[in-house]
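All remarks here apply to the structure that follows.
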Amino acid sequence: MAVASSFSRRLFIKPFPLFSFYFSFSTASPSPPPIRVALTESVGRAVFATRPIAAADLIHTASPAVCHPYSGRASCYSCLAALPHSQPLRAPFCSQHCHQRSKGYYDVEMKANWVAFDDYCGSRGLKYPFLVKRLACMVIAGDARSDSLDILQPANFTPEMVSKMEEEFVLLRNAFAEALIGDDHIAFLTKQWYINVLARIRINAFRIELVGGLYEDLLSLAVASVEAEAAVGNAVYILPSFYNHDCDPNAHIIWIDNAHAKLKALRDIDEGEELRICYIDASLDRDARRELLFQGFGFQCNCSRCLHGD
């Protein structure tokens, strides 16, 4: 994720090349590229409209680079879709498609005993280490590169924070070693790799709340994610992580039935205008929003709404 107008978690010291993403959602006629990602002097990386975008238009979709369901949720182990209540937990996939595309990393994960790791993280309320575990299994299975999240900006960890991660890293590494997974397959799994990945997940993971069913209008779309009953897991995306924050956003990210994200326009957007999403519940008062953003993302929000005291 990126940040508010006067500060960016996406700010790089060295120049970063301009690049664009091309998406087309009309089957009737070709449409121009709706967005581009560019490096700016004020907010680091940002997403801009390359043509006018109408309110409620689908800007683009995004599949997660890595995701993981919350413990105790009846969710697909691959896409986080809700599972039928009658489905046995030993079959944690919503479809054969999800089972097949997840077979590589799932088979790796099933070789290891995760009791110690899961108990340690679960007893401390830690969710992001499970994403690191999933990514490690994907790398071992050949389903992902070890540097697949390197493009994302990392959080800044203090030495004290890093020290607290030592135990969970050791438990993760030991689980693979005790499963007799060869050293050549886990050579990437160093403490530095673990810290680097966790630092990127820390400020780029989305909390997935499925709204389910169909939405009829833009208002229900915007409200649905706030009123979702409960989150089903976390996911990290590449392109959606380039969106900066605004407490009065012009775009919105939503999940309908699974972790496949949809980004839609909340109002009409002009060509060249930056697209921004709100990282938190925009209905909170200014002080609460600023506190959450500072604690969760490390920046002081100076968007127009916050500066006007709204």
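Looking across the range 103-127, the residues that are surrounded by 14 or more Cβ atoms within 10 Å (Cβ to Cβ), touching a residue at least 40 places away in the same chain (Cβ under 8 Å), of a type outside the set (D, E, K, R) and under 22 Å from HIS185 (Cα atoms) come down to VAL108, ALA112, TRP114, ALA116, PHE117.
Can we say LEU126 is under 23 Å from the mean Cα position of the chain (by Cα), over 30 Å from ALA38 (Cβ atoms) and of a type in the set (A, V, I, L, M)? Yes. Note on the range 107-164: residues that are hydroxyl-bearing (Ser, Thr, Tyr) and touching a Lys or Arg at 6+ places or on another chain (Cβ under 8 Å) amount to 1. In the set ARG290, ARG305, only one residue is free of Cβ contacts under 8 Å to residues at least 40 places away in the same chain and either surrounded by 14 or more Cβ atoms within 10 Å (Cβ to Cβ) or over 23 Å from the mean Cα position of the chain (by Cα) (or both); that residue is ARG290.
Selection of the range 244-301 for residues being of a type in the set (D, E, K, R), in a loop (DSSP other than H, G, I, E, B) and closer than 23 Å to ALA56 by Cα yields ASP246, ASP248, ASP257, ARG267, ASP268, ASP270, GLU271, GLU273, ASP281. Does SER63 meet the test of being of a type outside the set (A, V, I, L, M, F, W, C), crowded, with 21+ Cβ neighbours inside 10 Å and under 21 Å from the mean Cα position of the chain (by Cα)? Here the answer is no, as SER63 does not meet what is asked. Any residue that is open to solvent by less than 20 Å² (accessible area, probe 1.4 Å), within 21 Å of VAL47 (Cα to Cα) and either modelled with pLDDT of 60 or more or assigned to a loop (DSSP other than H, G, I, E, B) (or both) - is there at least one of those in the range 220-231? Checking the range 220-231: not a single residue is open to solvent by less than 20 Å² (accessible area, probe 1.4 Å), within 21 Å of VAL47 (Cα to Cα) and either modelled with pLDDT of 60 or more or assigned to a loop (DSSP other than H, G, I, E, B) (or both). GLY104: part of a loop (DSSP other than H, G, I, E, B) and not aromatic (Phe, Trp, Tyr), yes or no? No: the conditions fail for GLY104. As a summary of the residue check, GLN192 satisfies the conditions (1) open to solvent by less than 40 Å² (accessible area, probe 1.4 Å); (2) at pLDDT 95 or above; (3) more than 16 Å from the chain's Cα centre (by Cα) except for the one numbered (1).
Going residue by residue through the range 288-306, is there one that turns out to be of a type in the set (D, E, K, R), out of contact with any Gly (no Cβ under 6 Å at 6 or more places or on another chain) and within 23 Å of ILE238 (Cβ to Cβ)? No - not one qualifying residue is present in the range 288-306.
Scanning the range 104-123 for residues that are within 22 Å of the chain's Cα centre (by Cα) and under 20 Å from ARG145 (Cα atoms) yields GLY104, TYR105, TYR106, GLU109. The residue of the range 151-179 that is surrounded by the fewest Cβ atoms within 10 Å (Cβ to Cβ), among those that are in contact (Cβ under 8 Å) with a residue 40 or more places away in the chain, outside any helix (DSSP H, G or I) and hydrophobic (A, V, I, L, M, F, W, C), is ILE151. SER148 - would you say it is open to solvent by 70 Å² or more (accessible area, probe 1.4 Å) and within 25 Å of LYS191 (Cβ to Cβ)? Against the criterion (open to solvent by 70 Å² or more (accessible area, probe 1.4 Å) and within 25 Å of LYS191 (Cβ to Cβ)), SER148 does not qualify. No other residue among ALA199, ALA235, ALA175, ALA179 is over 24 Å from PRO64 (Cβ atoms) and either modelled with pLDDT of 95 or more or in contact with a strand residue (DSSP E or B) (Cβ under 8 Å, 6 or more places away or on another chain) (or both) apart from ALA179.
The values are calculated or read from the model by the stated rules, or taken from the named source; none is laboratory data. Given the structure is predicted, the values throughout are model-derived calculations rather than measurements. We place every Cβ from the backbone using ideal geometry, glycine too, and count neighbours over all the protein chains shown. Ligands, DNA and RNA are excluded from the accessible area calculation, which covers all protein heavy atoms including side chains. Shrake-Rupley method; radii C 1.70, N 1.55, O 1.52, S 1.80 Å.
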